[in-house]
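See below for the structure under consideration.
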Amino acid sequence: MANLKDIKTRIQSVQNTGKITRAMKMVAAAKVKRAESTVKATRPFTNELVSVFGGLLKAVNGHFSLENLKVESYLDNYPVLLEHREIKSVGLLVMTSNKGLAGAYNANIIRKTITRIKEYNDSNISVKLFIVGQKGISGLKNKISDYDCEIVKKYLSVANDVNISGVKIIAEDIAEKFVKKDIDKIEIITTRFKNMMSYSIQDWEILPLSEEMTKKESVAKIDALMLFEPNIYGILQRLVPMYITNIIYQALLEAQASELASRMTAMSAASNNADEMIRLLSIDYNKARQWAITQELVEIVSGANALK
């Protein structure tokens, strides 16, 4: 029979853990409501931007004007960013979190990333990783040693606080590697938020834009007689950076909402498990206490009989 003190200590420990998990559940529940609202509010703009962008690309039919092209950043160099070339190296932007205790959220993303790395390596294509979140960095650091893969950039602050300034830094870093031809393709491995209980792991291709994008029915139809000011190429130079940064921003928002929903679900399950464990330990405690009382009564009765 277990010692009463040991059982009581264990009950106290589980109760303390339960308090932590319930607090984390409430915090995640409060945050995920705001994250869900933000995600649903930004999706229509992102979808429309992709539609207009696809329509413009279809209208220019791959012909870009280099006249009067002023490049102040790598994101401004839209002709290079939109060019198709032989793929020798791929850049993967991986969205994970800084904190754990979110169920299988980070593990699923890491597993998907390793799968994509293996697929590209099997085709003799190297991979460069741009990782958002400490969990992705620590999780992938030791797992990529056997692959033709390296971590080139790490981003921590934007995982907790999704903001435009942080997104622009990521977009410029990726654009720099693409323009310098260190990478020939850019993908995002993120999650798409569905509801409070579920999300899906997704792989988004950013650059180069596939031909399928301009052929989709959702692509905006650009009238041949439509006038553009200053011109369609000037608009493209503004739209390409907007497209890249907005896709990254949307991916971060989707990932943040999915992470919070996963944490809320995980902490809810942990709290329920803590309650069940306390119930079972309380039964064991009562049994041990009853056994101890019975043992004491037996000793008293035996001692009284011995005195007769």
Checklist entry - What are the residues in the range 249-263 that are touching a strand residue (DSSP E or B) at 6+ places or on another chain (Cβ under 7 Å) and more than 12 Å from Val32 (Cβ to Cβ), if any? => result Ala251, Leu252, Glu254, Ala255
Checklist entry - For the range 115-126, how many residues are within 22 Å of Phe178 (Cα to Cα) and under 19 Å from the mean Cα position of the chain (by Cα)? => result 2
Checklist outcome for this item: Of the residues in the range 19-63, those that are within 21 Å of the chain's Cα centre (by Cα) and closer than 17 Å to Ala266 by Cα come to Met24, Lys25, Met26, Val27, Ala28, Ala29, Ala30, Lys31, Val32, Lys33
Next on the checklist: Just to be sure I understand, how many residues within the range 1-41 are more than 30 Å from Trp291 (Cα to Cα) and either free of Cβ contacts under 8 Å to residues at least 12 places away in the same chain or in a loop (DSSP other than H, G, I, E, B) (or both)?
Outcome noted: 11
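This table checks each residue for (1) surrounded by 14 or more Cβ atoms within 10 Å (Cβ to Cβ); (2) farther than 24 Å from Leu101 by Cα.
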{"position": "Ser258", "(1), (2)": "yes, no"}
{"position": "Ala261", "(1), (2)": "yes, no"}
{"position": "Ala270", "(1), (2)": "yes, no"}
{"position": "Asn273", "(1), (2)": "yes, no"}
{"position": "Ala288", "(1), (2)": "yes, yes"}
{"position": "Ile293", "(1), (2)": "no, yes"}
{"position": "Val298", "(1), (2)": "no, yes"}
{"position": "Ala304", "(1), (2)": "no, yes"}
{"position": "Leu307", "(1), (2)": "no, yes"}
Next on the checklist: Please pick out the residue among Ile235, Ile189 that is at pLDDT 90 or above and among the aliphatic types (A, V, I, L, M).
Outcome noted: Ile189
Item to check | Failed condition for Asn16, given (1) at pLDDT 90 or above; (2) surrounded by 12 or more Cβ atoms within 10 Å (Cβ to Cβ); (3) not basic (Lys, Arg) | outcome: (2)
Checklist entry - If you go through the range 87-96 one residue at a time, do you hit one that is out of contact with any strand residue (DSSP E or B) (no Cβ under 6 Å at 6 or more places or on another chain), buried (at least 18 other Cβ atoms within 10 Å of the Cβ) and farther than 30 Å from Pro230 by Cβ? => result yes
Checklist entry - Where residues in the range 161-186 are surrounded by fewer than 21 Cβ atoms within 10 Å (Cβ to Cβ) and touching a Lys or Arg at 6+ places or on another chain (Cβ under 6 Å), which of them is farthest from Val32 (Cα to Cα)? => result Asp184
Next on the checklist: Restricting to the range 134-145, count the residues that are surrounded by 13 or more Cβ atoms within 10 Å (Cβ to Cβ), out of contact with any strand residue (DSSP E or B) (no Cβ under 7 Å at 6 or more places or on another chain) and of a type outside the set (Lys, Arg).
Outcome noted: 4
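The values are calculated or read from the model by the stated rules, or taken from the named source; none is laboratory data. Because the structure is a prediction, the values reported are computed rather than measured. Glycine also receives a Cβ, built like all others from the backbone with ideal geometry; neighbour counts cover every protein chain displayed.
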